[in-house]
Amino acid sequence: MKKFIRKWVMLFGLAFISATIIPAIVNRNWEAAIFVFQLLFVLLVICLFQLFTDKMSLKISLLKYVIDLVMTLSVILLFGWLWKWYEPSYTWMMFAMVIPVYVVGYFLDIIKINKEVKIINQQIKRRREIMREGRKEKFNDC
Amino acid sequence: MKIIKKQIDGQTETEIEIRYDKLNAEVIKVIERIEQTEKFLDGTDSGRHYRIRISDIYYAESVDKNTFIYTEDAVFRSELRLYQLIGMLKADDFVQVSKFCIVNLNVLESIRTMFNSRLEVTLINGEKVNVSRTYLNHIKMAFASKEGYSE
């Protein structure tokens, strides 16, 4: 299911880029395409920063999420202001767009971690059972 | 698998002979386990030198560029850096759980997420070790590879 959704979203992204660039080339109107490239660049910056915070070993894990959110908002507000994505009086709209996406991402992340923890606990249990059986066999042999 | 044990009077050194038709995964695992019990690392405690059996090591961590080796109830200082230990112990059921720590898979009791989104493993002696979420997949894959399959 996860692979299916990933493939679907990836195809949507590629189709979106292609549907913006091809008409831009044909019509020689780059206005929409430039926005798509700006968005791609901003997402790249955000992903690179998250890659960096992933590598950091923070004492408080929750701090990572806060840093990620602050950084995401800062990058979007900065580049948005630079490329005039929003009017200063509508800055709140950027928050309204970023925060819900981030909160959903955070909870999806928590679900993923809990799932992995469950798998590892099963692996630990299985290994302990194997080791116990091995010890029992050894004891019976004696 | 058949295990034959013989007690011989006057035998000075314990000998293990493995007879097999093909060197398959099971045989390799047995050999690795035997070799593991015979591998040692050097450590110091209060100026005295010790040889620590690798299978007795619970975990090793790096604190302020110093490496410490923990067994069930003792702590030793190692001259080796953590990355060197990682290279040496990778084949011996050890897995990196954070930037500063490696743990013996055989002494894991459980893993849990904490309220502040941190992860923690409990060892069989009750000790708790922090786990970085970046290394979560390493633990999963280490178990999978030791069990002879991958997801």
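The values are calculated or read from the model by the stated rules, or taken from the named source; none is laboratory data. Treat the numbers as computed from the prediction; the structure is a model and nothing was measured. Neighbour counts are summed over all protein chains in view; Cβ atoms, including those assigned to glycine, are modelled from backbone coordinates with ideal geometry. SASA here: full protein model, heavy atoms, side chains in, ligands and nucleic acids out. Shrake-Rupley method; radii C 1.70, N 1.55, O 1.52, S 1.80 Å.
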### Task
Would you kindly identify the strands (runs of 3 or more DSSP E) lying entirely within segment B:45-151 that contain at least 3 residues that are surrounded by 15 or more Cβ atoms within 10 Å (Cβ to Cβ) and within 12 Å of chain A (Cβ to nearest Cβ)?
B:94-98, B:101-104, B:108-113, B:119-123
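Matching residues to (1) away from chain B (no Cβ under 14 Å); (2) under 24 Å from A:Lys3 (Cα atoms); (3) not in a helix (DSSP H, G or I):
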residue	(1), (2), (3)
A:Leu69	no, no, no
A:Leu78	yes, no, no
A:Trp81	yes, no, no
A:Tyr90	yes, no, no
A:Phe107	no, yes, no
A:Ile111	no, yes, no
A:Glu116	no, yes, no
A:Ile119	no, yes, no
### Selected residue [modelled with pLDDT of 85 or more, of a type in the set (S, T, N, Q) and in the same structural domain as A:Gly105 (by TED's automatic domain parsing)] from A:Thr20, A:Thr72, A:Thr91
A:Thr91
### Message
Suppose we keep only residues that are within 18 Å of B:Tyr135 (Cα to Cα) and open to solvent by 80 Å² or more (accessible area, probe 1.4 Å) within segment A:44-56. Which one would you say is farthest from the chain's Cα centre (by Cα)?
### Response
A:Lys55
### Message
Can you confirm whether A:Phe41 is within 30 Å of B:Tyr135 (Cα to Cα) and within 14 Å of chain B (Cβ to nearest Cβ)?
### Response
no
### Message
Is it the case, given these coordinates, that A:Val26 is under 30 Å from B:Asn130 (Cβ atoms) and either in contact with a strand residue (DSSP E or B) (Cβ under 6 Å, 6 or more places away or on another chain) or β-branched (Val, Ile, Thr) (or both)?
### Response
no
